[in-house]
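This report concerns only the one structure given below.
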Amino acid sequence: MRPARMVAILAAALGAAACEAKKPGADAAPAAASAAPSADRILVGHIGSMTGSEATFGLSTDNGIKLAIEQWNAKGGINGRQIGLKTYDDQGKPEEAAVAATRLTVNDKVNVLLGEVASSRSLAMAPVADANGVPMITPSSTNPRVTKENGKVRPFVFRVCFIDPFQGTVAAKFARNDLKVSKVAILRDVGNDYSMGLADYFLAKFKELGGTIVDDQSYKAGDQDFKAQLTAIKGKNPEVIYVPGYYTDVALIARQSRELGMRQPLLGGDGWDSSKLFEIGGKAIEGSFYSNHYASDDPSPRIQDFVKAYQKRFGSTPDGLAAMGYDAAMVAFDAMKRASEPAGTSLRDAIAATKDYPGVTGIITIDQNHDASKPAVVVEVKGGTSVYVTTVKP
Amino acid sequence: MTEFLQHVVNGLSLGTIYALIALGYTMVYGVLKLINFAHGDVYMVGAFAGYYIATALDVERSPSLPKAVAVFVGAMAVCGALGWAIERFAYRPLRNRPRLTSLITAIGVSFLLEFGFQLPSLRAQGEAFRGVLEGWGLRLPAPVAGVLAVLPDNFPPGPTPRFFPEPFERVDWTVLGGVHVSNYDVVSLAVAVVFMVALQLIVYRTKFGTAMRAVSYDSRVAGLMGIPVSRIISGTFVLGSVLAAVAALLVAGSRPRIDPIMGLMPGLKAFVAAVFGGIGSVPGAMVGGLVLGFSEEMVAGYTVSSFRDGIAFAMLILVLLLRPEGLFGRVSAEKV
């Protein structure tokens, strides 16, 4: 009996210590982003995948948000109030995103919730934001269900990016008109709302434009071996393979397809956007294309100013996620300035009234579905980085 | 035809991995009548051990054969030690308890490894703890703060996947008119065969192997005959874990993504392979692994690819319904 009790006490102590270590570790200390810890601070909550398979999504978005906060705080904050940031890591898991959303809205009482990049995690967060009356802006979730479920627009959820029906169309048009191909195979991530939605929209549009889908294979995120699916696709001889997944899997798919001797270019969506794609994919991903929210080599002054400021602050070139995080935060702050109260329903109404906001990723107007109607760019992977090819307007 | 042959090559590559992991399951079941659910996670630890050693030896920038061998041997040693430790501290104290207790403990060890490896690095945890103390207005005493600086900052690895460096240059060949084989496939097949043959020799030609088989028939009588049962059981765990490490390194060479839950699926599938071949039978595990690898590849390639994982469990259900003792298993009557 005695050893058992000792074990129980030890376990309780371990549990307590583990809880301590995990929680504070999960929130990034907003050293540069917060000023005096006054009760008059405006608190921004961010939920992102800082670790896990899509770690660069969360880290880039967080950097974009931090840059926006620092720029506003340097100008004196919003109506004299400084802005603070509280970030939670959801490890790439939807359950964790929902828990973090509850924590931010109920415990930390944030003014606005920013996140998530991945549609499956935004879908987990959206009901929590609605239930607690905290406006939520997703920077890069493109699945339409995030703002509109069953024909009803979610009252507190907004997005500042385009949606997948448009993104699928962009890819289909690019394949048909620019790459001039008629036979495409699809390799989709079956457990991922974003990937399934995007693949479906691409399929519909590509067929409408007169192309044929020669094969439609699937994989599960985290799979290591794609050779079975790729061998089957190879047998059907497509000219392009559409892989609307996230960068870790896409890089491996590219490598394994080259190992099987397949030379077709791959085509994808904004889930590819990460420096890790080039790092892991290496030579295998060269010559492939993907649709994205912005191109960092776009010469327009607004974009270049942002790129330079980001490079100065973080020492790397901002990817699409960072730009979207920045725009989401800027739209939130712009709305807070206009709103009678930078929280709750008045903030929600101000965000909904955003019109022609000049964002880094395009002119942002929130429509009646709480979505933004913006052009998309298509970039090519060349020389270990993404190079702008063309813009497609909605 | 080339598509079929390519599937055969892929299936063989997959099957040998499952066979190597299944051997660990089957041997432990043979001697202890315990399904070691933590075995898949020993495989995962093997991959990470190899990764850490490879990073320390800077294999990424200057790969070489001696370094590859060092990575192999190092990972095998780490897994062997881990297998020994799991048996010693998690299963041996429960040896005289009902079998269900050990089974649940095995699941517990599995989760411990999986989620333990997903924790933030020890140094990050230490820093977070210091942050909490400072938030309360306390300070960390100087010697403890000194310890903080030497804590590893990349172990535990956390949930972000890592990418195993390539130990040697990849060469692809096209044979038989269109089938793509790489030197990685050839090497991994050769290494797997060598280890399986070595295991057969150990189990059937050495004193240790004979003792292992004796313990698996009847451990009490074997003990009475002078066999050091505990030592044999420890040795069995070490052997199985070493094979899991080999499997992990062979996988990591050609499918380089490693993360803390990479052992879950292969572990479950290898368990199915072991049951299919007859759990407790060494040749059964090898055959079961190969059959499962082929089935998975053919199903994923020729039918709906999302059934890839489902096929393993469908096979499990079929085997248990139709021939529960497996291909090579013996139907044992229990005298009441």
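The values are calculated or read from the model by the stated rules, or taken from the named source; none is laboratory data. Please read all numbers here as calculations on a predicted model, not as lab measurements. FYI the Cβ positions are ideal-geometry reconstructions off the backbone, even for glycines, and counts take in every protein chain you see.
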Exercise. Under the condition of being more than 9 Å from chain B (Cβ to nearest Cβ) and closer than 25 Å to A:A118 by Cα, which residue from segment A:252-262 is surrounded by the fewest Cβ atoms within 10 Å (Cβ to Cβ)?
Worked result: A:I253
For this session: Kindly indicate whether any position in segment B:134-141 is loosely packed, with under 12 Cβ neighbours inside 10 Å, aromatic (F, W, Y) and within 14 Å of chain A (Cβ to nearest Cβ).
Result: yes
Problem set entry | Single unsatisfied condition, B:P120 versus (1) in contact with a Lys or Arg (Cβ under 9 Å, 6 or more places away or on another chain); (2) closer than 19 Å to B:G50 by Cα | (2)
Exercise. Given the residues A:K220, A:K236, which is the only one that is over 25 Å from A:E279 (Cα atoms), surrounded by fewer than 19 Cβ atoms within 10 Å (Cβ to Cβ), within 11 Å of chain B (Cβ to nearest Cβ) and not acidic (D, E)?
Worked result: A:K236
For this session: Determine whether B:E114 is among the acidic types (D, E) and more than 18 Å from B:P266 (Cα to Cα).
Result: no
Exercise. Looking at segment B:281-308, which of its residues are surrounded by fewer than 20 Cβ atoms within 10 Å (Cβ to Cβ) and under 12 Å from B:A270 (Cα atoms)?
Worked result: B:V291
Exercise. Somewhere in segment B:53-62, is a residue away from chain A (no Cβ under 14 Å) and touching a Gly at 6+ places or on another chain (Cβ under 6 Å)?
Worked result: yes
For this session: For residues that are part of a loop (DSSP other than H, G, I, E, B) and closer than 30 Å to B:A149 by Cβ, scanning just segment B:93-131, find the one that is nearest to the other protein chains (Cβ to nearest Cβ).
Result: B:P120
Exercise. In segment B:232-247, is there at least one residue being within 23 Å of A:A228 (Cβ to Cβ), within 14 Å of chain A (Cβ to nearest Cβ), under 16 Å from the mean Cα position of the chain (by Cα) and of a type in the set (A, V, I, L, M, F, W, C)?
Worked result: yes
For this session: Please verify whether segment A:127-142 includes one or more residues that are more than 14 Å from chain B (Cβ to nearest Cβ), touching a residue at least 60 places away in the same chain (Cβ under 8 Å) and outside any loop (DSSP other than H, G, I, E, B).
Result: yes
Problem set entry | In segment B:143-167, the residues that are part of a loop (DSSP other than H, G, I, E, B), within 14 Å of chain A (Cβ to nearest Cβ) and hydrophobic (A, V, I, L, M, F, W, C) | B:L151, B:F164
Problem set entry | Residues being closer than 30 Å to B:V229 by Cα and surrounded by fewer than 17 Cβ atoms within 10 Å (Cβ to Cβ) - total across segment B:34-91 | 7
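Looking at this structure, is B:G293 closer than 25 Å to B:E166 by Cβ and either away from chain A (no Cβ under 11 Å) or out of contact with any His (no Cβ under 8 Å at 6 or more places or on another chain) (or both)?
yes
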For this session: Return yes or no: is A:I363 surrounded by 14 or more Cβ atoms within 10 Å (Cβ to Cβ) and not in a loop (DSSP other than H, G, I, E, B)?
Result: no
Problem set entry | Residues within segment A:86-107 that are in contact (Cβ under 8 Å) with a residue 40 or more places away in the chain and either closer than 22 Å to A:D349 by Cα or of a type in the set (S, T, Y) (or both), tallied | 5
Problem set entry | Selected residue [outside any helix (DSSP H, G or I), farther than 25 Å from A:C161 by Cα and in contact (Cβ under 8 Å) with a residue 40 or more places away in the chain] from A:G281, A:G287 | A:G287
For this session: Collect the residues in segment A:224-278 that are over 21 Å from A:K183 (Cβ atoms) and either part of a loop (DSSP other than H, G, I, E, B) or not assigned by TED's automatic domain parsing to the domain that holds A:S182 (or both), keeping them in residue-number order.
Result: A:Q224, A:D225, A:Y246, A:D273, A:S274
Problem set entry | Candidate set: segment A:192-217, residues that are part of a loop (DSSP other than H, G, I, E, B) and without any contact (Cβ under 8 Å) to a residue 60 or more places away in the chain; chosen: the one surrounded by the most Cβ atoms within 10 Å (Cβ to Cβ) | A:G211
Exercise. Can you find even one residue in segment A:97-112 that is assigned to a strand (DSSP E or B) and either buried (at least 24 other Cβ atoms within 10 Å of the Cβ) or over 17 Å from the mean Cα position of the chain (by Cα) (or both)?
Worked result: yes
For this session: Would you mind telling me which numbered condition in (1) more than 14 Å from chain B (Cβ to nearest Cβ); (2) within 23 Å of the chain's Cα centre (by Cα); (3) over 19 Å from A:K183 (Cα atoms) A:P299 fails?
Result: (2)
Problem set entry | Residue in segment A:74-95 that is away from chain B (no Cβ under 14 Å), closer than 22 Å to A:S316 by Cα and of a type outside the set (S, T, N, Q) present | yes
Seminar exercise, completed: All conditions in (1) at pLDDT 90 or above; (2) assigned to a helix (DSSP H, G or I); (3) over 26 Å from B:V69 (Cβ atoms) are true of B:I227 except (2)
Exercise. Filtering segment B:1-33 down to residues that are surrounded by fewer than 24 Cβ atoms within 10 Å (Cβ to Cβ) and within 30 Å of B:G223 (Cβ to Cβ), which residue is farthest from the other protein chains (Cβ to nearest Cβ)?
Worked result: B:G30
Exercise. Taking segment A:366-388, which residues are among the aliphatic types (A, V, I, L, M) and surrounded by 16 or more Cβ atoms within 10 Å (Cβ to Cβ)?
Worked result: A:I366, A:A372, A:A376, A:V377, A:V378, A:V379, A:V381
For this session: Tell me which residues, restricted to segment B:119-162, are touching a residue at least 40 places away in the same chain (Cβ under 8 Å) and touching a Ser or Thr at 6+ places or on another chain (Cβ under 8 Å).
Result: B:N154, B:F155, B:P156, B:P157, B:G158, B:P159, B:T160, B:P161
Exercise. Counting residues that are modelled with pLDDT of 90 or more and under 20 Å from B:L199 (Cα atoms), which helices (runs of 4 or more DSSP H) fully inside segment B:240-331 reach at least 3?
Worked result: B:264-277, B:282-302
